Amino acid sequence: MATSKKNSTIVPPVVEGETFTSLQIAKDLGTDVSMETKLRLLYKLQQTDTKIDKIYLLRGELPLEVQDLEDSIEGLKTRIANLEKEISDGEAFVAQKKQDITGSRALIEKYEAQRNNVKNNREYDSLSKEIEYQTLEIELAEKKINDTGKALVEKKEALATASSTLEGREIDLENKKKELETIVEETQKEEEALLKQSEELQEQIEPRMLNAYKKVRSNLRNKLAVVTVKRDACGGCFNKIPPQRQLDIALSKKIIVCEYCGRILISPEFENE
């Protein structure tokens, strides 16, 4: 009994960093789909991704600005919390030193009263030294209070500036978020439909071509990896294309890559369709 043999297509493995140039010289891309169909799918994917790029361009730098403001606000809140703690600790330190001064003055009064009733020079000298020591403690405490007071003034000014800046940043963030939400709301449905369409097209494109497409797109500022010939020139870099090469492009029988920029060149008829 004869058995039917199933035709199986061997798909070549994806090569990391593959470009259209390497695909151009590849002998087998692994599918029975015509090259014209492959190029049409690739061009449709480029058109879809370009529309998605335009939506992101419409949003501009707003997402980054929102992120920067959020990071800045978080940093300011941390700085404010640190300043508030430093001010609180400084005020507690000043209060403690004032208490120390009060205690030292009380001791001085006590030692002076005792010194007035001493019976010998030894006790007198001992009490005099204690009075001198407490006097020095008062002077040191007053110096620390003075230094801490100056530092507190600077920190309170810094706190006021940081708080004012935080208030302004929070207003900016709220406005930027509203602006971004408005744009996202206006384009969300279109973006979702285009992203879905892009995914569906990617599923129809063989992995090697898709990988090369993404690689070339990532290296181009305008993200155009597949372009038509316009006025006898590459639609991406605008370098002239020889007549014979234009004929090959029009036939859509093989991959033609611009020798100047590495983009795939396709027939202008695709654009008209």
**Low-density loop cleavage sites - trypsin sites (Lys or Arg not before Pro) in segment 29-132, where at most 15 other Cβ are within 10 Å (DSSP)** = LYS119
**Message:** Eigenvalues of the Cα gyration tensor times 5, then square-rooted: what semi-axes does that give for segment 62-187, in whole angstrom, largest first?
**Reply:** 60, 9, 8
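Give me the dipole magnitude in Debye, nearest 20, for the chain about the Cα centre, with unit charges on the beta carbon: positive for Lys and Arg, negative for Asp and Glu. Don't skip to the end; give the middle numbers.
Numbers: 44 positive and 51 negative charges, 258 e Å.
For the chain, the charge dipole is close to 1240 debye.
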**Fill in**
To the nearest 0.05, the calculated FRET efficiency linking GLN204 and GLU181 through their beta-carbon distance, R0 being 35 Å, is 0.55
**Asked** Mind checking the angle between helix 35-59 and the chain's longest principal axis? C-alpha axes, 0 to 90 degrees, to the nearest 10.
**Response** 30 degrees
**Complete:** Taking the dipole of segment 129-273 about the Cα centre (Lys, Arg +1; Asp, Glu -1; charges at Cβ), the one of ALA193, ASN272, ILE249 that reaches farthest to the positive side is ILE249
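Of all chymotrypsin sites (Phe, Trp or Tyr not before Pro) in segment 191-273, which ones are in loop regions per DSSP and have a Cβ with at most 14 other Cβ atoms within 10 Å? Intermediate values should be presented prior to the final figure.
Values: sites: TYR213, PHE238, TYR260, PHE270; in loops: PHE238, TYR260.
Those that pass, being in a loop and sparsely packed, are PHE238, TYR260.
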**Fill in**
Mean-square fluctuation maximum in Gaussian network of the chain, Cα pairs under 10 Å, restricted to SER34, SER126, SER104, hits SER126
**Prompt:** Hey, if you put +1 on the Cβ of every Lys and Arg and -1 on every Asp and Glu Cβ in segment 62-187, which of ALA160, ILE80, THR148 ends up farthest toward the positive end of that dipole?
**Reply:** THR148
**Prompt:** Tell me, Kirkwood radius of segment 27-122 from alpha-carbon pair distances, in Å?
**Reply:** 22.2 Å
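Normalised radius of gyration for segment 141-189, please: alpha carbon Rg relative to 2.2 N^0.38 Å, two decimal places. Please list the in-between numbers first.
Values: Rg = 20.9 Å, N = 49, 2.2 N^0.38 = 9.7 Å.
Compactness ratio reported: 2.17.
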**Request:** With everything on Cα atoms, drop me the angle between helix 121-204 and the longest principal axis of the chain, reported from 0 to 90° to the nearest 10.
**Result:** 20 degrees
**Item:** Linear extension gain, ASN219 paired with ALA158, 0.36 nm per residue minus alpha-carbon span
**Value:** 17.4 nm
**Message:** Apply the a/c threshold of 1.5 to the C-alpha gyration tensor of segment 199-244 and tell me whether it is rounded, prolate or oblate.
**Reply:** prolate
**Prompt:** Looking only at GLN96, GLN47, GLN246, which one moves most when the chain is put into a Gaussian network model with springs between Cα atoms under 10 Å?
**Reply:** GLN96
**Complete:** A correct Stokes-Einstein calculation for the chain, using the alpha-carbon Kirkwood radius, 10 °C and 1.306 mPa s, returns a whole-number D in µm² s⁻¹ of 60 µm²/s
**Fill in**
From DSSP H assignment alone, runs of 4+ in the chain each adding -39500 (n - 2.57), the sum over residues rounded to the nearest 500 puts [θ] at 222 nm at -25500 deg cm²/dmol
**Request:** Please report the base-10 log of the normalised intensity I(q)/I(0) for segment 128-245, using a Debye sum with one equal scatterer per alpha carbon and no solvent, at each q in 0.10, 0.14 (1/Å).
**Result:** -0.69, -0.93
**Item:** Fluctuation leader among VAL229, VAL94, VAL66 - the chain, Gaussian network, Cα springs under 10 angstrom
**Value:** VAL94
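Coordinate-derived values only; no laboratory data. If you're wondering where the values come from, they're calculated on a predicted model, not measured in any experiment. Ideal geometry is used to build each Cβ from the backbone, glycine not excepted, and the neighbour counts take in all protein chains shown.
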